[in-house]
1. Return the total of residues in region 303-329 being under 14 Å from the mean Cα position of the chain (by Cα), farther than 28 Å from D275 by Cβ and assigned to a loop (DSSP other than H, G, I, E, B).
2. Quick one: count up the residues across region 22-63 that are open to solvent by 50 Å² or more (accessible area, probe 1.4 Å) and either within 21 Å of I87 (Cβ to Cβ) or among the charged types (D, E, K, R) (or both).
3. Across region 65-110, which residue is nearest to the chain's Cα centre (by Cα) among those that are open to solvent by 50 Å² or more (accessible area, probe 1.4 Å) and touching a residue at least 40 places away in the same chain (Cβ under 8 Å)?
4. Which condition does S227 not pass, out of (1) small (G, A, S); (2) open to solvent by 20 Å² or more (accessible area, probe 1.4 Å); (3) over 21 Å from N332 (Cβ atoms); (4) in contact with an Asp or Glu (Cβ under 8 Å, 6 or more places away or on another chain), if it passes all the others?
5. Which residues, taken from region 385-410, are assigned to a helix (DSSP H, G or I) and either closer than 27 Å to T17 by Cβ or of a type in the set (G, A, S) (or both)?
6. Quickly run through region 201-223 and pick out the residues that are of a type in the set (S, T, Y) and buried (at least 21 other Cβ atoms within 10 Å of the Cβ).
7. Given (1) β-branched (V, I, T); (2) closer than 30 Å to H253 by Cβ; (3) out of contact with any His (no Cβ under 9 Å at 6 or more places or on another chain); (4) buried (at least 21 other Cβ atoms within 10 Å of the Cβ), identify the lone condition not met by T298.
8. Restricting region 169-194 to residues that are over 21 Å from the mean Cα position of the chain (by Cα) and in contact (Cβ under 8 Å) with a residue 12 or more places away in the chain, which is farthest from Y222 (Cα to Cα)?
Amino acid sequence: MIKEELPDLSWLEAYRTDIPNFGLERMERMLALRGNPHLQLSVIHIGGTNGKGSTISHLRQLLEMRGLRVGTFTSPYLISYNEQIAINGRPIANQDLERLLETYRALFEEQANDEVLQGVTEFEIMTALAYDYLAQERVDVAIMEVGMGGLLDSTNVCRPDLTAITTIGLDHVALLGHSLAAIAEQKAGIIKPNVPLVTGRIESEALAVIEDKAHQMQAPHYVYGQSYQVQSLGGTDSGEHFRFSNAYREEEHYLTPLLGQHQVDNAGLAIQLCDLYCQSKQLPLLTKEQIDTALVATNWPGRMEQISNQPRILLDGAHNPHAMERLTRTLNQHYPDLDKRILFSCIQTKSLEEMVGQLKQVPKSQLILTSFADPRSFSKEKMEALACEQGLNYADWQNFLEAYLKVEHRADELLLITGSLYFLAQVRAYIIDKQKEFRSVYGHEEN
């Protein structure tokens, strides 16, 4: 098979920055010059600290089951750059992405003296491209994931039909605030006048801020545990079982194949959003059987993803303490008796020492620190020094995996690779290549 060439991103990469340039002025100007495509779309806008991607993955499957053409904008990417913009799970084609990049390059040349466009970032351009492409393709609904924060995030130029806030945790504290209340204030910035809001499992300190904002905006607020109920029934190798009920449904039993009790919350939030969206658009609600089918079809790479059976290797993008707490709980729930090796790395804006401390508490585990090739990553020297200080091991991740994949491992062993999604993107591609190279070692090959 001839491998498809990657899109030329050289022009776009010139706008890459490590620090977000918050504000909506550049987005509004870019989109105005393109005829305001974002105002032509029916949008579901989803923010929160963690759980956005999994909620979107569940919700996309549910809305597709209703027969809708569903566009999504998610970040960061894990497998290919194009996957950030997709329709019914199919990433934007290289030719469409390159055509739009050329359109925006020409636009910027024409507007070279426009002071408002100075300082535009790669993420802002990709957000504009997403709105532009999904409008051109006339999707029935676009699910837009907030990049960071909410109030001043580049996605927050839309006029949504529904908004959602999944969770609130301490992340990007230098930019968003050092308390749950301060972060909630930023996340609540996506709430729009009279637009229904659904919130997930959120601590009372943060929820109070969101409730106050919803009240100010006269936005109907559907609260986890009040407007809709989600009850975990425990997990198995096939996924997480749970009960769900709301104003439209009496208690029903469902299964999400995504592992972790938090995925029950994400699936429940998605069902509530789907029901509200269908009700608002006068579409028939999904039957229980349709929801069953949609949920089982859900998959979200890099989130408790078992990428190999023998040896057993899991990937999970727990990139902040809030996500790491969920990961450690899931390990204790699903793999309490396995001997675990954990390979971890993250980027410089994250709480490195706190997450290392959380991982050290995992029973029956050996923690190994590493670094990866990305200017945002903590350096090899920093990770080696921390490993020495904490009595841990440091390893070059490629050398470690090269050796690990060449030998047989016991059935009661588990390798978990976690931390930054940018790290997981590199690791995932490497393992898939090695699976092909050492095919005889594995019980299956990644498709």
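1. Matching residues across region 303-329 total 4.
2. 7
3. Y77
4. Looking at each condition in turn, S227 falls short on (4).
5. A385, L386, A387, W397, A403
6. Y222
7. Every listed condition holds for T298 apart from (3).
8. Once the filter is applied, the top-ranked residue is S179.
The values are calculated or read from the model by the stated rules, or taken from the named source; none is laboratory data. The structure presented is a predicted model; accordingly, all values stated were derived computationally and were not measured. Don't worry about glycine lacking a Cβ; one is built from the backbone with ideal geometry, like all the others, and counts go over all protein chains shown. With ligands, DNA and RNA removed, areas are computed over all heavy atoms of the protein, side chains included. Shrake-Rupley method; radii C 1.70, N 1.55, O 1.52, S 1.80 Å.
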